[in-house]
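Novice: I'd like to ask you about the structure that follows.
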Amino acid sequence: MRRENGTCPSCGVHTGAIENILIPRVAANFAVTSGFGRGIRVMIKRFAILSMLMPFAASAAWAAPLPKPASFGICGACHKVDKGAPNTIGPNLFGIGGTKSGEVPGFAFSPAMKKGSVVWNKANLVKFIMEPQKTVPGTRMPFAGLKNAESANAIADYILSLK
Ligand code: HEC
């Protein structure tokens, strides 16, 4: 169709030079009426889908591990909390939420803890953190317990978020 030198094959009048100006204009017009317009509609649709997914994205973020509370520092002396980290003086606490006491593989638990009489849910964790010996009589965890209920709650929430 397009000839650089000579007349336009359709109108027989204008030359290639004019064609060079006309064709980009027509192309731009076409883009606005079809492709570009459709692009915008697709973008709006995508945005709608995205905003429908936002609540799920938000809840996924909420399920991520909570920040480590400062009060966990004392526990951290004996407990690692990262997935796959080794047991040290105490068992690695990653993923213990919902398990029975004494189930962390590779740790030499006391018979009291191994009996598995306690499930590590929120209530039992809080109790254990505040009064280890009363909650699991005979535990060898060398820790007297935290008096501050608020700290114990925050630590329990933190441990349960490690999954
Ligand atoms: C001086 C070391 C030490 C400190 C400090 C310590 N722990 Fe422990 N922890 C242990 C030992 C050892 C055990 C295993 C006890 C047993 O077998 O009876 C244990 C066991 C546990 C268990 C049971 C795990 C399971 O899977 O049954 C939990 C939960 C726990 N500790 C949480 C904590 C929290 C939370 C803190 C801080 C408030 C803390 N510990 C402080 C040494 C410690």
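Since every read-out is calculated from the coordinates, none of them should be taken as a lab result. A quick note: this is a predicted structure, and the numbers were derived from the prediction, not measured. Methodologically, a virtual Cβ is constructed for each residue, glycine included, from the backbone with ideal geometry; neighbour enumeration extends over all protein chains shown.
Table: residues versus (1) over 25 Å from ALA64 (Cβ atoms); (2) crowded, with 17+ Cβ neighbours inside 10 Å.
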| position | (1), (2) |
| --- | --- |
| LYS83 | no, no |
| PHE109 | yes, yes |
| VAL119 | no, no |
| ALA123 | no, no |
| GLU131 | yes, no |
| GLY138 | yes, no |
| GLY145 | yes, no |
| TYR158 | no, yes |
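Novice: Another question, if that's okay. Which count do you get for residues in the stretch 96-107 that are surrounded by 15 or more Cβ atoms within 10 Å (Cβ to Cβ) and either small (Gly, Ala, Ser) or farther than 19 Å from THR139 by Cα (or both)?
Specialist: Residues meeting the conditions: 3.
Novice: Please indicate, with yes or no, whether at least one residue in the stretch 101-117 is of a type in the set (S, T, N, Q), under 12 Å from ILE159 (Cα atoms), within 28 Å of the chain's Cα centre (by Cα) and not in a helix (DSSP H, G or I).
Specialist: No, there is no match, as no residue in the stretch 101-117 is of a type in the set (S, T, N, Q), under 12 Å from ILE159 (Cα atoms), within 28 Å of the chain's Cα centre (by Cα) and not in a helix (DSSP H, G or I).
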